[in-house]
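Trainee: Have a look at this one.
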Amino acid sequence: MEFNVKKLASDAGVFFSRAMQFTEEKLGQAEKTELDAHFENLLARADCTKNWTEKILRQTEVLLQPNPSARVEEFLYEKLDRKVPSRVTNGELLAQYMTEAANDFGPGTPYGKTLIKVGETQRRLGAAEREFIRSASINFLTPLRNFLEGDWRTISKERRILQNRRLDLDACKARVKKAKAAEAKAACEGDAVPDFQETRPRNYVLSASASALWSDEVEKAEHELRLTQTEFDRQAEVTRLLLEGISSTHVNHLRCLHEFVESQTNYYAQCYQFMLDLQKQLGSSKGEIFSGTFVGNAESASPAAATSPPAVAAATLPAVPTIPVVPTIVGVPNTVAEGVLNPNEVKPPASGTRRARVLYDYEAADSTELALLADEMITVYSLPGMDPDWLIGERGNQKGKVPVTYLELLS
């Protein structure tokens, strides 16, 4: 390895000169070249962009992967340029446990059936979460990370070079200033009238020679100043162009942010739909398991049942809202509820109908169903042998079947 002593000495001299200039500036003993206001605003904007990008990146990583150990593992795989191994999501793991528990309890039991249904929904939720994490990482995290590891490193490098060029420029200005002061002092001493009785003539010859030397020193310092000024101006322009590119970075990050929001919207929409489907399934299972939950009106109870001890004990308990059931439908057999229902043939009970508030919009699948709008109020009642997931709903002159899971029954 070739060792260049001259280059090492030159670099050491430059480093020492910059260190001296920087220290004197901090102590207020040297002048500092100030950048224009626009340039300072660009620097502040770039620093702000970098700081907030780092915070948003880190917090988004926490949102997508709350486990710090998993984040460290993913970071190491990324630095080693290796593919991150597939990891089971919490929803998928929960689905696995529920399915295994259902097999142990018996998949034909009510509890086992429900575990299988909930487990399948958890599996779908986990798969949706995995897709959301993948999409957010590609469309949002990667561009932010590329900015910090690419563009920002380039900007930081050019800013350090600009800082060194400025220190060199200010050091050259200080040398020119000192050289001119020494030249002026030598010129004053050279202009003095010689006194041959007190001072030997050779001192005046030396003064004239020193003045000439300082003049050469001034010319040399001014030449270095011009070169340093040119390098500083060139580096300032390069840095300015990079800083102005921050606007393009904001535009790119804005587009990535829209894609992140779209991915998140799709993810939560899928989760919402999965849970609605599960709610319908669980409502049907609940009707099968807890048959008799929806009972008829109190008026339809027999007198003996009304006076029996269990009925008296039940009267002391809080009232449980019930869905009124139409005892009979004139001209329509009881099995009609299980087949095709013609809402026009259904007559509401004389008393005991319930009011219900619609929770979500519902689009009728056929003419036997009633379309619903969120937050509207309708009248509901049930039919003998009717699917417990459905009720008869009335809104003005309109009538049809409505799903129970879309309603909030009011007492």
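The values are calculated or read from the model by the stated rules, or taken from the named source; none is laboratory data. Model, not experiment: these values are computed from the prediction. Note: ideal-geometry Cβ built from the backbone for every residue, glycine included; neighbour counts use all protein chains shown. Note: areas computed on protein heavy atoms with side chains; ligands, DNA, RNA excluded. Shrake-Rupley method; radii C 1.70, N 1.55, O 1.52, S 1.80 Å.
Trainee: Work out, step by step, the length gained on full extension between Asn397 and Asn146: first 0.36 nm times the residue separation, then minus their alpha carbon distance; give nm to one decimal.
Mentor: In short, 84.2 nm is gained.
Trainee: Cα to Cα, under 17 Å, and not fewer than 8 places away if on the same chain: which aspartates and glutamates meet these conditions relative to Lys50?
Mentor: Hits, sequence-local ones excluded: Glu40, Glu61, Glu149, Asp151, Glu158, Glu244.
Trainee: Mind giving me the nanometre distance, one decimal, between the label points for Lys280 and Glu40, set 7 Å out from Cα along Cα→Cβ?
Mentor: In this crude label model, Lys280 to Glu40 measures out at 6.5 nm.
Trainee: Sorting Tyr77, Tyr97 by accessible area (1.4 Å probe), largest first, what list results?
Mentor: Tyr97, Tyr77
Trainee: When the Karplus curve 6.51 cos²θ - 1.76 cosθ + 1.60 is applied with θ = phi - 60°, which whole-Hz ³J(HN,Hα) does each residue of the range 57-66 get, with x for Gly and Pro?
Mentor: Coupling constants for the range 57-66: 4, 5, 6, 5, 4, 5, 4, 6, 9, x Hz.
Trainee: How much length would be gained if the chain were fully extended between Lys185 and Gln229, taking 0.36 nm per residue of separation minus their Cα-Cα distance, in nm to one decimal?
Mentor: Contour length minus the Cα-Cα distance gives 13.2 nm.
Trainee: Follow-up question, since we're still on this one. For Thr405, Thr121, give me the order by solvent-accessible area with a 1.4 Å probe, most accessible first, ignoring ligands, DNA and RNA.
Mentor: Thr405, Thr121
Trainee: What FRET efficiency, computed as 1/(1 + (r/R0)^6) with R0 = 30 Å and r the Cβ-Cβ distance, is obtained for Asp104 and Glu408, rounded to the nearest 0.05?
Mentor: That pair, Asp104 with Glu408, gives E of 0.25.
Trainee: Which pairs in the list Lys178/Lys220; Lys280/Lys399; Lys113/Lys401; Lys173/Lys220; Lys83/Lys157 are over 19 Å apart, alpha-carbon to alpha-carbon?
Mentor: Too far apart for the 19 Å limit: Lys280/Lys399; Lys113/Lys401; Lys83/Lys157.
Trainee: Still on this structure, please answer the following. Over the heavy atoms of Lys180, what accessible area does a 1.4 Å probe trace out, to the nearest 10 Å²?
Mentor: Answer for Lys180: close to 100 Å² accessible.
Trainee: What figure in square angstrom, to the nearest 10, would you give for the accessible area of Val72 with a 1.4 Å probe?
Mentor: Roughly 80 Å² of Val72 is accessible to a 1.4 Å probe.
Trainee: Additional query: What accessible surface, in Å², does a 1.4 Å probe find on Trp52, ignoring ligands, DNA and RNA and rounding to the nearest 10?
Mentor: The value for Trp52 is about 140 Å².
Trainee: Take the solvent-accessible surface of the protein heavy atoms, probe 1.4 Å, and return the percent of it on the range 66-186 that carbon and sulfur atoms account for.
Mentor: 56 percent
Trainee: Could you check how much of the accessible area of the range 353-410 is carbon and sulfur, as a whole percent, using a 1.4 Å probe?
Mentor: So the carbon and sulfur contribution to the accessible surface is 47 percent.
Trainee: Under a point-charge model restricted to the Cβ atoms of Lys and Arg (+1) and Asp and Glu (-1), what is the dipole moment magnitude of the range 353-410 relative to its Cα centre, in debye to the nearest 20?
Mentor: The calculation lands at about 300 debye.
Trainee: Give me, ordered by chain and number, the residues 5 or more places off Ala371 or on other chains with an amide H under 5 Å from its own placed amide H.
Mentor: Sorted by chain and number, the residues that satisfy this are Ala364.
Trainee: With every protein chain left in place, what is the accessible area per residue of the range 353-410 in square angstrom, probe 1.4 Å?
Mentor: 46 Å²
Trainee: Hey, what's the Kirkwood Rh for the range 62-171 if you take every pair of different alpha carbons, in angstrom?
Mentor: The answer is 17.9 Å.
Trainee: I want to make sure I understand the PRE zone here: with the label point 7 angstrom from the Cα of Leu254 toward its beta carbon, which residues in the range 132-161 have backbone N atoms less than 18 Å away?
Mentor: 140, 143-144
Trainee: For the range 347-411 and the range 113-134, what is the centre-to-centre distance using only Cα atoms, to the nearest Å?
Mentor: Using only Cα atoms to place each centre, the spacing works out to 30 Å.
Trainee: While we're here: Using modelled backbone amide H atoms (1.01 Å from N, in-plane), which distant-in-sequence or interchain residues come within less than 5 Å of Arg354's amide H?
Mentor: Val380
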